[in-house]
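This report refers to the structure that appears directly beneath it.
Values quoted throughout were computed directly from the atomic coordinates according to the rules given, and no laboratory measurement underlies them. Everything quoted here is computed from the prediction, not taken from an experiment. Backbone-built Cβ (ideal geometry, glycine too); neighbour counts: all protein chains shown.
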Amino acid sequence: MALPILYSYRRCPYAMRARMALSYAGISVETREISLKEKPAHLLRVSAKGTVPVLVLPDGKVIDQSLDIMYWALQQHDVDGWLNADPEVAGLLIAENDGVFKQSLDRYKYAIRFPEHPVEHYRAQGEVFLSKLEQRLQQDSFLLGNTISLADIAIFPFIRQFAAVDSSWFEYTNYIKLQSWLQHLVKSALFERIMVKYPVYTA
């Protein structure tokens, strides 16, 4: 039986969260690592937006939004109840991550492209979200309680990327709970599994 095809880019946070959900759900896929400079013709045929992740199911159905891939995977198998947390709260947190925070992250990471303000300005914008997460983690081990949820996995790759822009700075901040949460996920077996390197798909 043919496997679903997942077009991915190893370092893309959207692709990371999709891969984590698929791996957690035990769904085997044919992972096709793309080159951003030479995207496969099949990828562009099935998804005109040309960005990853894109999941092509054996019946031809295409899912080309990372959150939709996550929901699809969890609907197949969700043994630890990632979808059990309050869906409204999860949705609001993820929307803020994918919206305002992602914009701040991009400007912080590529501050040279946005000379209107110094890098510290963009970092401070991102810290609004970091502070909100730190506050949540003062009460519980994860963002929506004491068990991991969809929100943790959907947001984690972006916080990892923000922390990596200036790891020394992040290490000495007061985001103690957030640091622990991040390290727990970075060192998890699930994250290690999905960060395996694949050769670039060129067909």
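Overview of results
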item: ³J(HN,Hα), Karplus 6.51/-1.76/1.60, whole Hz, each residue of region 144-149, x for Gly, Pro; result: 10, x, 9, 10, 5, 9
item: Two-site FRET efficiency, Ala41 against Asp68, from Cβ-Cβ distance with R₀ of 22 Å, rounded to 0.05; result: 0.45
item: Hits among aspartates and glutamates - C-alpha to C-alpha of Lys132 under 12 Å, sequence gap 8 or more where chains match; result: Glu96
item: Which listed pairs, of Lys37/Lys187; Lys49/Lys102; Lys39/Lys197; Lys177/Lys197, have C-alpha distances above 27 Å, in listed order; result: Lys37/Lys187; Lys177/Lys197
item: Stretch in the chain that is longest and holds no GluC sites (Glu not before Pro) that DSSP places in a loop and that have at most 16 other beta carbons within 10 Å; result: 117-203
item: Per-pair calculated FRET efficiency, R0 = 22 Å: Ala95 and Gln135 via Cβ, rounded to 0.05; result: 0.80
item: Alpha-carbon centroids, region 1-63 and region 126-147: separation in whole Å; result: 30 Å
item: Estimated [θ] at 222 nm from DSSP helical runs (n ≥ 4, -39500 (n - 2.57)) normalised by residues in the chain, nearest 500; result: -15000 deg cm²/dmol
item: Residues with amide H under 5 Å from that of Thr31, placed H, sequence gap 5 or more; result: Leu6
item: Using alpha-carbon coordinates, inclination of helix 87-96 to the longest axis of the chain, degrees; result: 80 degrees
item: Cleavage-rule hits (trypsin sites (Lys or Arg not before Pro)) in region 127-188: DSSP loop, at most 11 neighbouring Cβ within 10 angstrom; result: Lys187
item: ³J(HN,Hα) computed for each position of region 185-191 - Karplus, 6.51 cos²θ - 1.76 cosθ + 1.60, integer Hz, glycine/proline x; result: 6, 4, 8, 5, 4, 4, 5
item: Net length gained if the chain between Tyr198 and Tyr172 were fully extended (0.36 nm per residue, minus Cα distance); result: 5.9 nm
item: Summed residue charge, Cβ within 15 Å of Tyr110's Cβ, Lys/Arg positive, Asp/Glu negative; result: +2
item: Range in the chain, longest, excluding exposed chymotrypsin sites (Phe, Trp or Tyr not before Pro) [loop by DSSP; at most 16 other beta-carbon atoms within 10 Å]; result: 1-109
item: Simple spin-label estimate for Asn84 and Arg11 in nanometres, 7 Å along Cα-Cβ; result: 3.7 nm
item: Interchain or long-range residues, amide H under 5 Å from Val54's placed H; result: Tyr7
item: At most 16 other Cβ within 10 Å, DSSP loop - trypsin sites (Lys or Arg not before Pro), region 69-115; result: none
